[in-house]
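Asker: Sharing a structure here in structure tokens format.
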Amino acid sequence: MTDDPRLDLDLSLPGPIPEEGIQRAIEIMRSGKLHRYGEDRTGIPEATALEQDYAAYIGSKYCAALNSCGGAMFVALKCAGVKPGDKVLMNTFTLAPVPGAVAHAGAQPVFVEITDEYKIDLADLDRKAASSRAKVLLLSHMRGHICDMETLVAICARHGITLIEDCAHTMGAKWNGRFTGTFGAIGCFSLQSYKHANAGEGGLLVTNDPDIAAKAILYSGSYMLYAQHKARPELEYFEKHRGHIPNFSLRMSNLAAAVARPQIGLLAERAKVWNERYRKLADGLGSIQNIRIPPRPTREQFVASSIQFSVKGLSAAEMDLFLDASARRGVFIKWFGRKQPLGFTSVHDHWEYVEEKQNLPQSERVLSEVCDMRIPLALPLESCDTIVAVIRHCLADYASPA
């Protein structure tokens, strides 16, 4: 490896769109039938077909396609009965669309501490479930890190809490052989470009509860055309709820669904590619002084489209210098310890719309050290060595004495 390592590769490059999706999107554009419902009632709309495909893939009875994962989480909160002024539990390590969905529902987040493994602190969850009177937990499997789901589900059951899973980073991932998104009452998935299936933007909501499914489809904007859905409950559930549910016009378009559909069958192969690169990066970065990579338990069958690591012992000024040096060599790293939000990265202190300031010393300590880097599908395995060499080189000036 050269003494002057540099990476000549775009780490923000999203996964490719399969040719089948491109051709189907062109067909839809030529037809003009971009809207998710059709009054001519001929054929199955692409959004409906995507719902069927994903419900079958994950093993859920029902699926609703929405225009974003943030929209799916908002609808999930409404379906769970969240009202303005309610408290909603959520882990502190997450991204802005999650507290945004809570705010959209008129509720207030109660942040739960995180551990050094970047996961929700189950002891703090138990305490705050008892003290907050919240009836819903919006759990983020943030950046693909999955906590002990059996213990979490038991805590929710003990306190009468409805679990909603934000699976934006865990499409295709499992805990102990079971898909994320199927432990709670509702699971929400993302089709944003940088996630595991790329439709540009989009969300999928899954559930086995017929009342929740009917509400979700009505909230998403079905008008009175809900019978066109296939991964839906019986029509009697819609008749029960339709007069009480507003239309929020959040349903996915046929164009986005057409792009996403052929990618569902690629999830297992993509997981293999991502995880191979993750393990190579984790092995290399874990050998660098000042860097900690949390261990991953065997029950966590993750899909690592990104990698996180903690940089220990650096001041904020030193972190800035390290990140700038790394970026100049082609390795762009996000840092959750910044005082001001940057790009996609923000933390609880930046969300000033949250009315109640919350004391989260453990999370603030962990987040002050967390670095985050995308793993593109096109990353050659040998480039993992280059990335490690760049980070090692740029950290050398700040390494603690042996």
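The values are calculated or read from the model by the stated rules, or taken from the named source; none is laboratory data. Here the structure is a predicted model, which is why all the values come from computation and not from measurement. Neighbour counts run over all protein chains shown; Cβ positions are idealised from the backbone, glycine included.
Asker: Considering each residue of segment 248-274, count those that are surrounded by fewer than 18 Cβ atoms within 10 Å (Cβ to Cβ) and touching a helix residue (DSSP H, G or I) at 6+ places or on another chain (Cβ under 7 Å), and give that number.
Answerer: So the count comes out to 1.
Asker: Let me ask another. Using beta carbons and a limit of 9 Å, which pairs, at least six apart or on different chains, have the first residue in segment 71-82 and buried (at least 24 other Cβ atoms within 10 Å of the Cβ) and the second one polar (S, T, N, Q) and assigned to a helix (DSSP H, G or I)?
Answerer: Gly71/Ser220; Ala72/Ser220; Val75/Ser220
Asker: Tell me which residues, restricted to segment 157-174, are surrounded by fewer than 23 Cβ atoms within 10 Å (Cβ to Cβ) and not in a loop (DSSP other than H, G, I, E, B).
Answerer: Ala157, Arg158, His159, Thr162, Leu163, Lys174
Asker: Out of curiosity, is Ala327 of a type outside the set (Phe, Trp, Tyr), assigned by TED's automatic domain parsing to the domain that holds Ala271 and exposed (fewer than 14 other Cβ atoms within 10 Å of the Cβ)?
Answerer: The answer is yes for Ala327.
Asker: Tell me, which residue of segment 114-127 that is surrounded by fewer than 21 Cβ atoms within 10 Å (Cβ to Cβ) and in a helix (DSSP H, G or I) is farthest from the chain's Cα centre (by Cα)? First the steps, then the outcome.
Answerer: Within segment 114-127, the subset surrounded by fewer than 21 Cβ atoms within 10 Å (Cβ to Cβ) is 115-117, 122-124, 126-127.
Now restrict to residues that are in a helix (DSSP H, G or I): 122-124, 126-127.
Numbers: Leu122: 20, Ala123: 23, Asp124: 22, Asp126: 23, Arg127: 25 Å.
Once the filter is applied, the top-ranked residue is Arg127.
Asker: Name, by its number, the condition in (1) in a loop (DSSP other than H, G, I, E, B); (2) among the aliphatic types (A, V, I, L, M); (3) touching a strand residue (DSSP E or B) at 6+ places or on another chain (Cβ under 8 Å); (4) over 17 Å from Met90 (Cβ atoms) that does not hold for Ile307.
Answerer: Of everything listed in (1) in a loop (DSSP other than H, G, I, E, B); (2) among the aliphatic types (A, V, I, L, M); (3) touching a strand residue (DSSP E or B) at 6+ places or on another chain (Cβ under 8 Å); (4) over 17 Å from Met90 (Cβ atoms), Ile307 misses just condition (1).
Asker: Any chance you could count how many residues in segment 160-178 are over 11 Å from the mean Cα position of the chain (by Cα) and either under 20 Å from Leu122 (Cα atoms) or modelled with pLDDT under 95 (or both)?
Answerer: Counting residues in segment 160-178 that are over 11 Å from the mean Cα position of the chain (by Cα) and either under 20 Å from Leu122 (Cα atoms) or modelled with pLDDT under 95 (or both) gives 9.
Asker: Restricting attention to segment 60-70, does a residue exist that is within 30 Å of Arg329 (Cα to Cα), crowded, with 19+ Cβ neighbours inside 10 Å and of a type in the set (S, T, N, Q)?
Answerer: no
Residue-wise test of (1) closer than 24 Å to Ser220 by Cα; (2) surrounded by 14 or more Cβ atoms within 10 Å (Cβ to Cβ); (3) not acidic (Asp, Glu).
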| position | (1), (2), (3) |
| --- | --- |
| Asp8 | no, no, no |
| Pro18 | no, yes, yes |
| Arg24 | yes, yes, yes |
| Met29 | yes, no, yes |
| Thr48 | yes, yes, yes |
| Gln52 | yes, yes, yes |
| Tyr57 | yes, yes, yes |
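Asker: Additional query: What residue, of Lys280, Lys272, is over 25 Å from Arg6 (Cα atoms), of a type in the set (Lys, Arg) and modelled with pLDDT of 95 or more?
Answerer: Step by step, each of Lys280, Lys272 is checked, and only Lys272 is over 25 Å from Arg6 (Cα atoms), of a type in the set (Lys, Arg) and modelled with pLDDT of 95 or more.
Asker: All but one of (1) within 22 Å of Glu27 (Cβ to Cβ); (2) outside any helix (DSSP H, G or I); (3) among the basic types (Lys, Arg) hold for Arg232, so report the exception by its number.
Answerer: Unmet condition: (1).
Asker: Any idea which residue in segment 345-385 is modelled with the lowest pLDDT, counting only those that are farther than 30 Å from Gly100 by Cα and surrounded by fewer than 21 Cβ atoms within 10 Å (Cβ to Cβ)?
Answerer: Ala378
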